[in-house]
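The values are calculated or read from the model by the stated rules, or taken from the named source; none is laboratory data. Only a predicted model underlies this, so the values are computations on that prediction, with no experimental measurement involved. Positions of Cβ are generated from backbone atoms using ideal geometry, with glycine treated the same way; all protein chains shown enter the neighbour counts. Surface areas here come from the heavy atoms of the whole protein model, side chains and all, with no ligands, DNA or RNA. Shrake-Rupley method; radii C 1.70, N 1.55, O 1.52, S 1.80 Å.
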Amino acid sequence: MGPYLALGQCATVFDPHLNRYVIHYTPGADTALLDFKTAILTHNIAGTALAAWYVFFVAGNLLSRNSIHYHIQFKGLIGRLFRQVKYYMSGMFRGEPHPFPAEDENKFNPLQQLTYLSVMAGLIPPLILTGLVLLFPLLLTEWTGIPNAIVWVAITHTTFAFLSSLFIVMHIYIASTGHTVWSNYRSMLNGWHTEPD
Amino acid sequence: MNRHNWLFFLFTLMLLPWAVAAEEVAVDTGDPETIPNTHCLRCHGMGTLGYRDKLTGNLVTLQISEAKYNTSNHRKLDCVACHQGGFGTYPHPDKAKAEHLYCIDCHQQDEKIQPYHFLKIEDEFKRSVHAQKHPDEFSCFSCHNAHKFLSSRGVLDDEPEVGKHLHREVLEAVTYANNICMRCHDSPVQLLGLDPDSPPNFLRAHDWLPNHELHWRKVRCIDCHLAESDKLLHEILPAEKALNDCRNCHSRNSMLLGKLYLYSTQQSREKYGFVNSVIMNDAYVIGMTRNTFLERISLIMFGFTVVALGAHGLGRWTAFRRRGK
């Protein structure tokens, strides 16, 4: 299950982003990566898939034990965050061990926990919501009576999409800081986390 | 009737209050003919009515499409309001047939039609490539048919508030305007009548433009072939001066806003705001809602992130190698 979920996640997450760049930057440049119509279509499909995946993700976390990974312990949080940052900034270069190795009860380090929670709760929902609104551009004005409200929705969508693409780049990079460079990518596929024995 | 008589006709018309229903115009000008349009359309409504021009060999149709006539700007006029001089009888008298009508003759100082600036349009037309290169062959009627003519503002409302317009949809206006040009430029045959040696090569000239078909459907030829400030739409420039910068349209301050979408979206704009009204007219132009400031900031931030991560990775790699030794 895990591997498929991860792959599905990749597909639903990547496609909108690639396409966003295509859709957003195409007409200025004369070179189009993708035919514009195709880009729009896949973006719509992938965006809808992302929305569906999100519902699945929230439901899954509510119903399973997985949500414990998102329970932040506020006591001493600052100190722990600081340790994690220090590890990324210097400890890692000196080959020090991870300050918060992944465990069954605690998959994420404090920094990851905080970031993932804010991405999942603060970034993705508005992204999906604005995206859904953009699928039906005329309804918004019908409902709210505010002319050109769609422009602000579009700008919000773009901003959040951009932030989430920053997140993705960092996320992918941070994944290379596991036990070995490739171990985390491997564990995404087979679902097991490898630790030094 | 010669030009002077036309001026006289105009003069009489001007004395009449314009509120008088158009049908009565013919009667009140003293013209003896009060012939209903149906009389003329009995013959001129037939698709087969036409003749072969002895000179060019082209088929010249004399059919007047009733449907188009009734949705045109002139729909309220009797045929004989314009075609005077005895068309009520058949065969039509030679005197009547010798008559040449010209838009400007009727529209020179007509208050109601003032907003169209006919005289300025005429000046522009005279400076256009067409009139410059072929002054004898080209006239308003090369492009306009008085029986179908429909301005981009649509037709004036029937009801009191003058100035309120029934708008045409954008796409309709585009098709209407482009058909005018396509009639000649899409078929070399039509052009041959004028310039047998070097008909401009329409398709090759637009090779640079992606997806012609879509552009032909969504923008007017004249949106590219006029000077950008030309709001009167008639000074068609030589080809080398045509607009070829995508950004003129595909950008936030797209020039289409001031031109193509100027009239046709006014009503929906009041109701829905500009961007929506354009979307609604099925003409959402990519790039028009772009925000270049945000775009630049985001590219810079993205660049920084990638560079920072790259540096971190490099640091790890060198540290790893040093430790390995």
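Laid out as a table, the results:
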item	result
Area hidden from solvent between B and A (accessible, protein heavy atoms only, 1.4 Å, total, Å²)	2800
Interchain or long-range residues, amide H under 5 Å from B:G50's placed H	B:L62
At R0 = 41 Å, FRET efficiency that the Cβ-Cβ distance of A:M120 and B:H206 yields, to 0.05	0.25
Vicinal HN-Hα couplings computed from phi for the range B:215-229 (Karplus, 6.51 cos²θ - 1.76 cosθ + 1.60; Hz; Gly/Pro x)	4, 4, 6, 9, 10, 8, 3, 5, 5, 9, 9, 10, 5, 4, 7
Rough spin-label spacing in nm, given labels placed 7 Å along Cα→Cβ, for B:V129 and A:V58	5.8
Net charge over other residues, Cβ less than 13 angstrom from the Cβ of B:W216 (K, R count +1; D, E count -1)	0
